[in-house]
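Asker: Take a look at this one; I'll ask things after.
The values are calculated or read from the model by the stated rules, or taken from the named source; none is laboratory data. For clarity, every value in this text was computed on a predicted model and none was experimentally measured. Cβ placement follows ideal geometry from the backbone for every residue including glycine, while neighbour counts extend to all protein chains displayed. Side chains are part of the model used for accessible areas, which takes the heavy atoms of the whole protein and leaves out ligands, DNA and RNA. Shrake-Rupley method; radii C 1.70, N 1.55, O 1.52, S 1.80 Å.
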Amino acid sequence: RTMKKIKNPWIGKDGYQCIGCCPTNEAGLKMEFYEDGEDVVCLWKPQARYQGWTDVLHGGIQALLLDETSGWVVSRKLQTAAVTAKMELQFKKSISTNEECLEIRGRILNQRRNIAEIEACIYDGKKELCCRSVATFFCLSKEKAEAEMGFVPFELEE
């Protein structure tokens, strides 16, 4: 099974500066996403500028990584826009900012009507679970997402 890159449909859109996924936001994390079966995956290299304690990835940055990945799960798998209503984090193991690459992986746990529950996890280079989130998203109808947020389909690259 091979991972396929998910195209970022916002690139080139006026005003797009997402701190999570905008490739041109200097302060941003510049996250890119792939589809791996049911999962949406981001491979991300931490940097010293995102630390809390010396050589430790800040918990708020971990929350951002998990929230952004969860949002992309909704966008890709449900093909609509959503807002995070609630997010619970479990910090299992500190993450070194010297890690070569982190793997952030998200999937749908439950979906009913306009509510989606998304699980996301951060794994270190040894594939050990470092942080897990479960987030509740309010999903917009596809019509409302298109009309009010300019939502466009999240497609895979060829």
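Asker: Just one of (1) surrounded by fewer than 15 Cβ atoms within 10 Å (Cβ to Cβ); (2) at pLDDT 95 or above trips up residue 108, so point out which.
Answerer: All conditions pass for residue 108, except number (1).
Asker: Evaluate region 87-100: report whether one residue or more is under 22 Å from residue 155 (Cβ atoms), open to solvent by less than 50 Å² (accessible area, probe 1.4 Å) and touching a residue at least 24 places away in the same chain (Cβ under 8 Å).
Answerer: no
Asker: I need a count of the residues in region 1-22 that are closer than 17 Å to residue 155 by Cβ and open to solvent by 60 Å² or more (accessible area, probe 1.4 Å).
Answerer: Selection size over region 1-22: 7.
Asker: Then there's this: Looking at region 68-86, which of its residues are open to solvent by 40 Å² or more (accessible area, probe 1.4 Å), of a type outside the set (S, T, N, Q) and over 12 Å from residue 117 (Cα atoms)?
Answerer: Within region 68-86, 76, 77 qualify.
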